[in-house]
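Engineer: The structure under discussion is supplied below as structure tokens; questions concerning it will follow.
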Amino acid sequence: MSRAPLFNRGFLSLFATQFFEAAGDNIIKGALLFAVAVGGPWHDRIGDGGQGLVSFLFTVPFVFLSAFGGRLADRYSKRSSTVALKTASIVVAIVTLFGFWGDSLGLSLVALALFAIVSSFFGPVKYGMIAELVDRDEIVRANGVINVGTNLAVISGTIIAGAVATAFSKAHAPEAEGTFTQTSGLLAPGITMLAFSLLGWLTCLTLPKLVAQSPDLPLDANPFTTYWDSLSQMAKGPLIVITLFWTFFYFLAAMVLAMLADYPQILGVSALKASALSAAMGIAIGVGCVAAAWLSGKRSRLEFVPLGAAGLALAFLLLGLAPKNYWLIGALLSAMGLAAGFYIIPLQASLQELSPSSERGRFIGTANAMSFVMGGLGSLLFFGLSKVGMPSNRMFLPLAGLTVIAGVLVYLWLRRGSGRDGPSRSITLPAP
């Protein structure tokens, strides 16, 4: 089957749809993280480390539903699945509206979980769709572009979340009671989520028709059957190791995002100004992803991974030792983001390239579930370290140590796989 070049209508439609989906996820998650963090209006309802529990809740649907989402992605047209999921997002946005407007932490957490459910189904669809929308030689660069879009979405979502969280906090001030400030602040999160959900639905309508890859695949609702089958197949080649190193990134990401939610208090700045730190990090991740993708050419270059791990470890070490200076923290987070691009892109592209087309949805769904298990562990580690009194800005130090270990392991794996030529390993693609 012939495929289109990189910047075709279908790929651009996926790019836009993914942008609005990722931005929306970060808006509701960010708004809740700021609301339950130290100094937030809902902090007293959970206590210290509450953002770790919020992040953990967001990961649970991905663990149990990614496998089923992967099966659906293989069985049905990925375009039809995308339209159905984006329609569901509009309904969930309405739940979000009532949750924040009613000042209900419980209903808002339900909305967060529902968005996570939608995203857990969309993950295998969007990543599996890339190989159906672009030429095989463009998969690495397509991932670079998609990651740029995702990070632009994270930046936008994080900044908007900061603004929304600020408005929501102001709505709880005693002097705001009964005023326009209170009404608009309580409505801000829900209205914003509804707008992004509608935009995501509109952009997905321009996706081309796509053929189901495995229309006769039985639907097994037991996620562990799919996980076991997929992991058994992945273990026959390098995919299992690639997936393990790929998922470790999400352990780090969950920790960092939870830690940054405490930075308004640590640095003595507003939530909006603190969100700019995440924006700087997101921009740098996007730049790092593009650089890694274009330097890779037409093949995944896994030798970039230990270099990215070394850069991450150094940035974590410096962040853990750094004084509480806003501009210095921003510079170090940017450096961390650049290194992250070189770590994640070769692994992500290799996962897509080496997955057979008839099983790609299940393989990616399994990898997604593993990434959120790791993210959940990162959130729980943050919660545990918070409870024993470790300041969030010092939690970068254990992250540095763990990243050094991961970097050494991937270096040794690559060296063993490439023999005396050293850690220079490019993926050899299977025949189409």
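The values are calculated or read from the model by the stated rules, or taken from the named source; none is laboratory data. Quick caveat: nothing in here was measured; it's all calculated off a predicted structure. Because the Cβ atoms are built from the backbone with ideal geometry, glycine has one as well, and the counts that use them run over all protein chains shown.
Engineer: Looking only at residues that are polar (S, T, N, Q) and at pLDDT below 80 in segment 1-55, which one is farthest from S89 (Cα to Cα)?
Structural biologist: Checked segment 1-55; the qualifying residue farthest from S89 (Cα to Cα) is S2.
Engineer: Filter segment 73-91 for residues that are surrounded by fewer than 23 Cβ atoms within 10 Å (Cβ to Cβ), part of a helix (DSSP H, G or I) and of a type outside the set (K, R) and give the result.
Structural biologist: Answer for segment 73-91, where residues must be surrounded by fewer than 23 Cβ atoms within 10 Å (Cβ to Cβ), part of a helix (DSSP H, G or I) and of a type outside the set (K, R): S80, V83, A84, T87, A88, I90, V91.
Residues checked against (1) at pLDDT below 90; (2) surrounded by 14 or more Cβ atoms within 10 Å (Cβ to Cβ):
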position: L377; (1), (2): yes, yes
position: G389; (1), (2): yes, no
position: T403; (1), (2): no, yes
position: S418; (1), (2): yes, yes
position: D421; (1), (2): yes, no
position: I427; (1), (2): yes, yes
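Engineer: Residues to consider are G288, G237; find the one that is in a loop (DSSP other than H, G, I, E, B) and of a type in the set (G, A, S).
Structural biologist: G237
Engineer: Take segment 284-329 and flag every residue that is surrounded by fewer than 17 Cβ atoms within 10 Å (Cβ to Cβ) and under 20 Å from the mean Cα position of the chain (by Cα).
Structural biologist: V287, A291
Engineer: Kindly indicate which of V164, V125 is at pLDDT 85 or above, in a helix (DSSP H, G or I) and in contact with a Pro (Cβ under 6 Å, 6 or more places away or on another chain).
Structural biologist: Matching residue, one of V164, V125: V164.
Engineer: Can you say whether S275 is over 30 Å from V140 (Cβ atoms), part of a helix (DSSP H, G or I) and of a type outside the set (A, V, I, L, M), as far as the supplied structure shows?
Structural biologist: Yes, satisfied.
Engineer: Hey, G288 hits all of (1) touching a residue at least 60 places away in the same chain (Cβ under 8 Å); (2) touching a Leu at 6+ places or on another chain (Cβ under 6 Å) but one; which does it fall short on?
Structural biologist: (1)
Engineer: If you don't mind, there's one more thing I want to ask. From the list L219, L210, which residue is part of a loop (DSSP other than H, G, I, E, B), more than 30 Å from A23 (Cα to Cα) and aliphatic (A, V, I, L, M)?
Structural biologist: Details: L210 fails: more than 30 Å from A23 (Cα to Cα).
After ruling out the rest, the residue left standing is L219.
Engineer: What are the residues in segment 26-48 that are buried (at least 24 other Cβ atoms within 10 Å of the Cβ) and either aromatic (F, W, Y) or in a helix (DSSP H, G or I) (or both), if any?
Structural biologist: Taking segment 26-48 and keeping what is buried (at least 24 other Cβ atoms within 10 Å of the Cβ), we get 26-28, 30-37, 40.
Correct list: N26, I27, I28, G30, A31, L32, L33, F34, A35, V36.
Engineer: Just to be sure, is F56 assigned to a helix (DSSP H, G or I), touching a Pro at 6+ places or on another chain (Cβ under 7 Å) and more than 25 Å from L210 (Cα to Cα)?
Structural biologist: Considered against the rule, which asks whether it is assigned to a helix (DSSP H, G or I), touching a Pro at 6+ places or on another chain (Cβ under 7 Å) and more than 25 Å from L210 (Cα to Cα), F56 comes out as no.
Engineer: Quick one: would you say I117 is out of contact with any Cys (no Cβ under 8 Å at 6 or more places or on another chain), within 30 Å of V290 (Cβ to Cβ) and in a helix (DSSP H, G or I)? Write out each step before concluding.
Structural biologist: Working: out of contact with any Cys (no Cβ under 8 Å at 6 or more places or on another chain): yes; within 30 Å of V290 (Cβ to Cβ): no; in a helix (DSSP H, G or I): yes.
It is false that I117 is out of contact with any Cys (no Cβ under 8 Å at 6 or more places or on another chain), within 30 Å of V290 (Cβ to Cβ) and in a helix (DSSP H, G or I).
Engineer: Right, here's the next one. I need every pair where a residue in segment 228-257 that is under 12 Å from S355 (Cα atoms) has its Cβ under 8 Å from the Cβ of a residue that is of a type in the set (G, A, S) and surrounded by fewer than 22 Cβ atoms within 10 Å (Cβ to Cβ), sequence separation at least 6 or different chains.
Structural biologist: P238/G417
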